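The values are calculated or read from the model by the stated rules, or taken from the named source; none is laboratory data. From a predicted model like this one, the values you see are computed outputs, not experimental measurements. So basically every Cβ, Gly included, is an ideal-geometry build from the backbone, and we count neighbours across all protein chains shown. Just so you know, the surface numbers come from the protein's heavy atoms only, side chains and all, with ligands and any DNA or RNA stripped out. Shrake-Rupley method; radii C 1.70, N 1.55, O 1.52, S 1.80 Å.
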Amino acid sequence: MRWYLKIISPVLLLVAWEIAAIAVNNEFILPRVGSVFVVLLQPTKDILGSGSLLDNAIISLTRVVSGFLLGIVVAIPIGIGMGRVRWINDMVDPVIELIRPIPPIAWIPLALAWFKIGLASILFIIFIGSFFPVLLNTIDGVRRVNRTWIETAYMYGAKELQLLVKVIIPAAAPTIWTGIRVGFGIAWMSVVAAEMLPGTTSGLGYLIMYSYNFGQVQVIIAGMIVIGIIGLGIDIFLKEVERRKFRWQGLER
Amino acid sequence: MQLTIDNLTKEFTTDAGEHIVALSDINLEIRDSEFICLLGPSGCGKTTLLRIIGGLDQPSSGQVILDNQVITRPNPRMAMIFQEYSLYPWRNVLDNTAFGLELNGMSREERYAVAKRYLDLVGLTEFSQSFPYELSGGMRQRVAVVRALAVEPAVLLMDEPFGALDAQTRNKLQHDLVDIWEKTKKTILFVTHSVDEAVFLADRIVVLSPRPGRICENIPIEQPRPRDRTSVEFAQVRRHVLDLISLK
């Protein structure tokens, strides 16, 4: 890939931003590029008494990972059951289809009513966000397992559990992993949104909302950049795992 | 080993509501160490018959009996080799070969030792760490064959195993299979639509008619092995088989 083509658009964006900032000449609307970088370059510096960028990033990450693991742990077994067993699918699918179109953020009021303000509500929102992509991909992956692989296992005397562990799960793993990637993206968006709720006192979402109250637009933008970079970094990591672990995918012969 | 197919029929109804008799009135006695080719045109139900014998499908009536035991589901004494896509792409050659042994609960050390011995038999030792997608079609089918041999079945069920290979590789694998059969004396049921392949391999060719599949010929092939495809005798036998088929 010609790397220099890839840097053209980010550089243009920065230049346009800087020109616009000079033209606007109001740091409460659009700060200069430099003032945002000052914030970014001091990730451990406390911001308005609400912790540093790094502290808040770690808090958000911890939340998203916890809620996300919860989502995976619940979604994968249900997905395997629905993908493998017809009647489980027929029984559960209507509820899934009904709840799935509701955006995670629309659950916030109900989460607050059930779990009050705090960690439990945030985890619940993340759980909702990550659950469906993982579930749907697991169902799909399990259903699409090559029939010959299953029959081969039966011919060698596989019991149901052996079939599951040695054939179904490894065969569906690449598709499940895609669900994990998509699910993590949504979970990350959900955590930032959930952290903007009244009553939250930490996390990147909280930090940028809090900075808004003090007119610290350079902190808002710096926080957004950190949110973007973390999301991108995790997706790159998950893709790399996919590339290494599931190299056989698309090469089945 | 005694394998008997007794009055077997298979009927089914398609999604369109069409009633189809796939197999009708199949009777067959298979002796120990016999090499049988099930020969027939595509759609005649020969694969269905093999799958029923293997316990993957159920007959509508009649039964398959292996040493006094009625077959209703896969039996560890029979191994099936499919046309393609049967290796697990996430397992390397060694772990694919050892798959059946692994399911039987054999320890890792033991099953690797067995698998290596069989890979050696077909000259694939140096590929034991390779993955299926790194192998040619012929090599993959060889792995599928030794994976089956490794569990020491009495009967090998082979469903057009060389059908997807080019002619040259196919000939080579046919030779190898005859070698293996002579060494191990397994009973082999081999499905094919190629007269040439059947004449080269079989002790006996069982010819199935187009739908509804019935056994219409039982042709013993007495030519000594190794058979030479280019010989006059081979051509005569092939002509004989072709004549019998085209009369139907």
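Laid out as a table, the results:
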quantity	calculated
Average accessible surface area per residue within the protein assembly as shown, 1.4 Å rolling probe, Å²	49 Å²
For the range B:16-92, diffusion coefficient by Stokes-Einstein and Kirkwood Rh (Cα), 37 °C, 0.692 mPa s, µm²/s	224 µm²/s
Alpha carbon convex hull of the range B:124-170, projected area averaged over orientations, nm²	3.9 nm²
Cross-link partners of residue B:186 among lysines (Cα-Cα below 29 Å; sequence separation of 8 or more within a chain)	A:159, A:166, B:10, B:46, B:116, B:172
Of all accessible heavy-atom area on the range A:52-246, the percent that carbon and sulfur account for (1.4 Å)	72 percent
Farthest toward positive dipole pole in the protein assembly as shown [+1 Lys/Arg, -1 Asp/Glu at C-beta], among B:38, A:212, B:150	A:212
Accessible-area order (highest first, 1.4 angstrom probe) of the listed residues B:11, A:242	B:11, A:242
Area of residue A:44 that stays accessible when all protein chains are in place (1.4 Å probe, Å², to 10)	110 Å²
Crossing angle, helix A:169-195 versus chain A [Cα axis fit, 0-90 degrees, rounded to tens]	30 degrees
Degrees between helix B:232-246 axis and first principal axis of chain B (Cα, 0 to 90, nearest 10)	50 degrees
Accessible-area value, residue B:106, 1.4 Å probe, nucleic acids and ligands omitted, Å²	50 Å²
The protein assembly as shown: mean projected area of Cα convex hull, nm²	32.2 nm²
Signed unit charges on C-beta, dipole axis of the protein assembly as shown, positive-most listed residue A:221, B:218, B:20	A:221
Chain B: calculated mean residue ellipticity at 222 nm from DSSP helix runs of at least 4, using -39500 (n - 2.57)	-10500 deg cm²/dmol
Cα-based helix-to-principal-axis angle, B:167-184 vs chain B, degrees rounded to 10	80 degrees
For the range B:91-122, residues shielded by at least 50 square angstrom of accessible area compared with the chain on its own, probe 1.4 Å	B:103
Computed accessible area, residue B:193, all protein chains, 1.4 angstrom probe, square angstrom	100 Å²
Burial ranking of peptide ranges A:10-23, A:113-126 (average Cβ count within 10 Å, highest at the top)	A:113-126, A:10-23
Given charges at beta-carbon only (K, R positive; D, E negative), |dipole| of chain B in Debye	160 debye
Chain B, accessible surface, carbon-and-sulfur percent (1.4 angstrom probe)	47 percent
Shielding of B:78-87 by partner chains, average beta-carbon count, 10 Å	4
Dipole magnitude of the protein assembly as shown, debye to nearest 20 (Cβ charges: Lys/Arg +1, Asp/Glu -1, about Cα centre)	680 debye
Isotropically averaged projected area of chain B, using the convex hull of Cα atoms (one quarter of hull area), nm²	14.1 nm²
Net charge dipole size for the range A:52-246 [Lys, Arg +1 and Asp, Glu -1 on Cβ; Debye, nearest 20]	480 debye
Bins of 10 Å, starting at 0 and running to the largest distance - Cα pair percent for the range A:52-246	9, 31, 30, 18, 9, 3, 0
Inter-part distance where the range A:132-191 and the range A:73-109 are each reduced to a Cα centre, Å	15 Å
Selection from B:129, B:119, B:101 lying farthest towards where the dipole of the range B:18-162 points positive, charges on Cβ	B:129
Calculated [θ] (222 nm, deg cm²/dmol) that DSSP helices of n ≥ 4 give over chain A, each run adding -39,500 (n - 2.57)	-25000 deg cm²/dmol
Delta accessible area of at least 50 Å² on complex formation, residues of the range A:152-181, 1.4 Å probe, chain isolated as reference	A:152, A:155, A:156, A:166
Between B and A, accessible area buried - total, square angstrom, nearest 100, 1.4 angstrom probe	2400 Å²
